[in-house]
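Visitor: Take a look at this one; I'll ask things after.
The values are calculated or read from the model by the stated rules, or taken from the named source; none is laboratory data. Note that the coordinates shown come from a computational prediction; the quantities given were computed from them, not determined experimentally. Neighbour counts run over all protein chains shown; Cβ positions are idealised from the backbone, glycine included. Side chains included, ligands, DNA and RNA excluded: accessible areas come from the protein's heavy atoms. Shrake-Rupley method; radii C 1.70, N 1.55, O 1.52, S 1.80 Å.
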Amino acid sequence: MIELPEKIKKLIGEKNYTIDQIGKSDSTVIVFDNMILKIQTITEESDNEHEMMLWLQDKLPVPKVLAFERKAGLSYLLMSKVEGKMSCDEEYINNPNQLATLLTKGLRGLWQVDIANCPTSFALDRKLQMAQYNVEQNFVDLEDAEPDTYGEHGFRDPSHLLQWLIDNKPEEELVLSHGDFCLPNLFGRKEEVTGYIDLGKTGIADRWQDIALCYRSLLHNYDGTYTGKAYEGFDRNLLFEYLGIEPQWDKIRYYILLDELF
Ligand SMILES: Nc1ncnc2c1ncn2[C@@H]1O[C@H](COP(=O)(O)OP(=O)(O)O)[C@@H](O)[C@H]1O
Ligand SMILES: [Mg+2]
């Protein structure tokens, strides 16, 4: 076990815990009865997760921040455990209408937040700068890409993709964006949102950022990409029917491509 900062140790005492394996980042998530300890390398993202979680306490259902410590290159976020189930739970996957309702509420909830005093912006120019840094530093993981991003009918390499993204910027509709709006990051109970988690990329951005990653997550939770188990019932238009908006496939593609560089 990692040597925890004193303040965190005091708060968790001798409680039993399990280690969660779901997240994709380098974070370690320790699950207690009613709280969660997320340990990750200190980055802009880990600091932003804490800052946005605090900013959203009275605006959206997000975990309560119980403690936050930075020590020896690691950040420790102790937060309350969100109730309900992840929206990638079988209960939702087997019930596409209920899932679409939940995701629609999740997205609309974000969009109704007044962004006037939002502490963070990930509007496109900033994201493209961050993407450029990742490309220059060779941080882009090609293994993790969608099958058609690179190769014969796709981009030659990350810098080719980056140039295309710079040359094809869509017009932005700025809202509060979760930034990684995939199914394991939204919790619900039946049709009610019980919590938004994993807020490291949360800030002001185009509404299509979240729609795009939500769509990609839906697709891959049904086709078995993540778990090896495929499910029936995926309809690419269903989410948009619930949202009451026309899918803009060019923007969806753009933001999925942008995410390849993170
Ligand atoms: N506050 C929380 N309440 C309940 N479950 C959580 C909470 N925080 C994290 N988890 C669980 O741990 C998983 C990984 O945490 P997350 O913050 O999404 O990290 P990652 O960046 O690794 O995806 C989540 O998908 C969820 O299952
Ligand atoms: Mg996550």
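Matching residues to (1) more than 21 Å from VAL135 (Cβ to Cβ); (2) modelled with pLDDT of 95 or more; (3) within 13 Å of ligand 2 (Cβ to nearest atom):
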| position | (1), (2), (3) |
| --- | --- |
| LYS169 | no, yes, no |
| LEU183 | yes, yes, yes |
| ALA205 | no, yes, no |
| SER217 | yes, yes, yes |
| TYR222 | yes, yes, no |
| GLY228 | yes, no, no |
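Visitor: Here's another thing I want to ask about it. Quick one: ASP210 ticks every box in (1) under 23 Å from TRP249 (Cβ atoms); (2) surrounded by fewer than 23 Cβ atoms within 10 Å (Cβ to Cβ); (3) of a type in the set (Asp, Glu) bar one, so which box is it?
Guide: (2) is the only condition that ASP210 fails.
Visitor: Report, by residue number, each residue of region 38-64 that is among the β-branched types (Val, Ile, Thr) and open to solvent by 30 Å² or more (accessible area, probe 1.4 Å).
Guide: Residues satisfying the conditions are THR41, ILE42, THR43.
Quick grid of which residues meet (1) of a type in the set (A, V, I, L, M, F, W, C); (2) assigned by TED's automatic domain parsing to the domain that holds LEU99; (3) under 26 Å from SER121 (Cα atoms):
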residue: LEU165; (1), (2), (3): yes, yes, yes
residue: VAL193; (1), (2), (3): yes, yes, yes
residue: ILE204; (1), (2), (3): yes, yes, yes
residue: SER217; (1), (2), (3): no, yes, yes
residue: TYR222; (1), (2), (3): no, yes, no
residue: TYR226; (1), (2), (3): no, yes, no
residue: LYS229; (1), (2), (3): no, yes, no
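Visitor: Is region 133-145 home to any residue that is more than 27 Å from TRP55 (Cβ to Cβ), open to solvent by less than 60 Å² (accessible area, probe 1.4 Å), within 17 Å of the chain's Cα centre (by Cα) and more than 16 Å from ligand 1 (Cβ to nearest atom)? Before the answer, list the steps.
Guide: Our first condition is that a residue be more than 27 Å from TRP55 (Cβ to Cβ); within region 133-145, this holds for 135-145.
So of that shortlist, the ones also open to solvent by less than 60 Å² (accessible area, probe 1.4 Å) come out as 135, 140, 145.
Those left that are additionally within 17 Å of the chain's Cα centre (by Cα): 145.
With the extra rule that they be more than 16 Å from ligand 1 (Cβ to nearest atom), the set shrinks to 145.
Yes, the conditions are met somewhere in region 133-145.
Visitor: Taking region 179-190 as the search range and keeping residues that are of a type outside the set (Gly, Ala, Ser) and surrounded by 15 or more Cβ atoms within 10 Å (Cβ to Cβ), which one is farthest from ligand 1 (Cβ to nearest atom)?
Guide: PHE181
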